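One structure below.
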Amino acid sequence: MYLTDSIYNAIIFSAPMVSAMMLTYGARTVVMIGSLLIAAGTVASAFVPDLAYLYLTYSLVTGKGWAYGG
């Protein structure tokens, strides 16, 4: 499994949740949350000691941020 596939899966599978959040909180708030997730995932992936943690931080956290429209 490649890192880009993990990012793609994080984006695709969180689309229903993002849609509900957009209707509830508005687009501006959801995009700000997404931008913070992208920043947190990128910074956290710089300090990982193992490849498994890289998959966790970069693909899941950053992928969720991209799904939120960041």
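The values are calculated or read from the model by the stated rules, or taken from the named source; none is laboratory data. On a predicted model such as this, the values are computed, not experimentally measured, just so you know. Ideal geometry is used to build each Cβ from the backbone, glycine not excepted, and the neighbour counts take in all protein chains shown. The accessibility values were calculated without ligands, DNA or RNA, using every heavy atom of the protein model including side chains. Shrake-Rupley method; radii C 1.70, N 1.55, O 1.52, S 1.80 Å.
Brief remarks on what is shown
- Answer residue from region 27-70, given it is within 11 Å of the chain's Cα centre (by Cα) and aromatic (Phe, Trp, Tyr) and is least open to solvent (accessible area, probe 1.4 Å) among those: TYR68
- Selection within region 5-26 - within 12 Å of GLY63 (Cβ to Cβ), open to solvent by less than 40 Å² (accessible area, probe 1.4 Å) and assigned to a helix (DSSP H, G or I): SER6, ILE7, ALA10, VAL18
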